[in-house]
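Some notes on the structure that comes next.
We did not get these values from a lab; they are worked out from the coordinates using the rules stated. Model, not experiment: these values are computed from the prediction. Cβ sites come from the backbone with ideal geometry, for glycine too, and all protein chains shown count toward neighbours.
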Amino acid sequence: MSLHDSQAQVKEPSESIDYTAIVQSASFKELLAAKKKFIVPFSLFFLAFYFILPILTAYSTVLNQPAFGGMTWAWVFAFAQFVMTWALCMIYSSKAAKFDRLVEKIMQQIKQGR
């Protein structure tokens, strides 16, 4: 099979999608606002929680105090980062499913010509 033959097999979409109309639609703007409202605070929380451990361990001794037996607060904080990462991933997966439903709704509206 030649390159020309493989290019001929690629099907063109039967209808063109007006992406400008999608971007300018109220539904799409609501989707972007909802995503921003979710992603920005969660990202800031993640970054703050992540960088507090190296900052506190490098510039203070507050996490050197024993927490449970011989384990210090630095270890507790480090393990909490794993828990935080898993929790944020589960929350994001749940929220992403809602965003996907909003995208499907927008695509339905575009197909119906709204």
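All Cα-Cα distances of the chain, cut into 10 Å bins from zero to the largest, leave 11, 24, 19, 17, 14, 9, 5, 0 percent in each bin in turn. Entry note, the chain: the mean residue ellipticity at 222 nm calculated from DSSP H runs of n ≥ 4, each adding -39500 (n - 2.57), is -26000 deg cm²/dmol after division by the residues and rounding to the nearest 500. Straight-line reach from residue 95: taking Cα to Cα under 27 Å and skipping same-chain neighbours fewer than 8 places apart, the lysines in range are 29, 35, 36, 37, 105, 111.
Suppose a student asked you for the relative contact order of the chain, using Cα pairs under 8 Å spaced at least 6 residues apart; what percent would you report? Let's see the in-between values first.
On the way: 35 pairs, mean separation 30.1, N = 114.
About 26 percent, as a whole number.
Modelled spin labels at residue 78 and residue 50, positioned 7 Å past Cα toward Cβ, are 1.8 nm from each other.
A Cβ-based charge dipole, computed about the Cα centre of the chain with Lys and Arg at +1 and Asp and Glu at -1, lands at about 440 debye.
With no solvent and one equal point scatterer placed on each C-alpha of the range 61-114, evaluate the Debye formula and give log10 I(q)/I(0) for q = 0.19, 0.21, 0.30, 0.32 Å⁻¹, two decimals. Scattering profile of the range 61-114, log10 relative to I(0): -0.73, -0.79, -1.02, -1.06.
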